[in-house]
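Everything on this sheet refers to the single structure shown next.
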Amino acid sequence: MLCSYNYNLYDKNKSSCVERVMTPVQTSLASPTQSHPKDNLAITFAPLSLEEVYAQADAPDNGAVVVMSGMVRNQTDGFSVVALEYQAYEPMALQVFSQIAADIRRRWSQVNRVVIHHRTGRLKIGEISVLVAVGCPHRSEAFEACRYAIDTLKHNAPIWKKEHWEDGSSSWVSVGACVGEEQN
């Protein structure tokens, strides 16, 4: 996949953040992972914005915009969590995001916009770690496509999560450990 990376700097709460956003490069080569021009895919250290992602998924011909927001919770299996840390292999993760968006467009052809943003770095309880939004003329397709996107992302994207526990210890969550995650 051919793409360029745009870096946007943020100075929010006096801490510098860098956002890396994939922008498709126009080419004559057809690729199943080439991003649709109306999609927005990003991995960022900067805090995620529900309003921004909703606006990026919105379009005049939408009848629905479905947004899934994943956030850091204060416990896992009854044990107190104080923070999560995310790391990603960005080029491959962005390619997986692009493939997810392409798969969505093949399965639900009326989808207008797909937005997938994921954080990296250390996140506190209550912070948003991932946002997925799908804009579509009909709500059922928007819901189905949004669920497909987050489930596929969790299984396929090279993004790793480390849980930091109240006692000061930490542990990495198994990659591909999505089996049985329906209740999470």
- [ ] Provide the convex hull volume over Cα atoms per residue for the stretch 37-142, in Å³.
- [x] 114
TODO: Rounded to whole Hz and in sequence order, give me ³J(HN,Hα) for the stretch 85-91 from the Karplus expression 6.51 cos²θ - 1.76 cosθ + 1.60, θ = phi - 60°, writing x for Gly and Pro.
DONE: 10, 10, 10, 9, 8, 4, x
Task: Filtered trypsin sites (Lys or Arg not before Pro), the stretch 41-122: DSSP coil and at most 12 other beta carbons within 10 Å - done: Arg73
TODO: State the extension gain, in nm to one decimal, for the chain segment bounded by Val82 and Glu52, taking 0.36 nm per residue of separation less the distance between their alpha-carbons.
DONE: 8.1 nm
Task: Average projection area in nm² (convex hull over Cα atoms of the stretch 89-159, one quarter of hull surface) - done: 4.9
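Readers should treat all values here as calculations from the given coordinates under stated rules, not as data from a laboratory. These numbers were taken from a predicted model, which means no experiment stands behind them. Quick reminder, even Gly has a Cβ in these numbers, built from the backbone with ideal geometry, and neighbours come from all protein chains shown.
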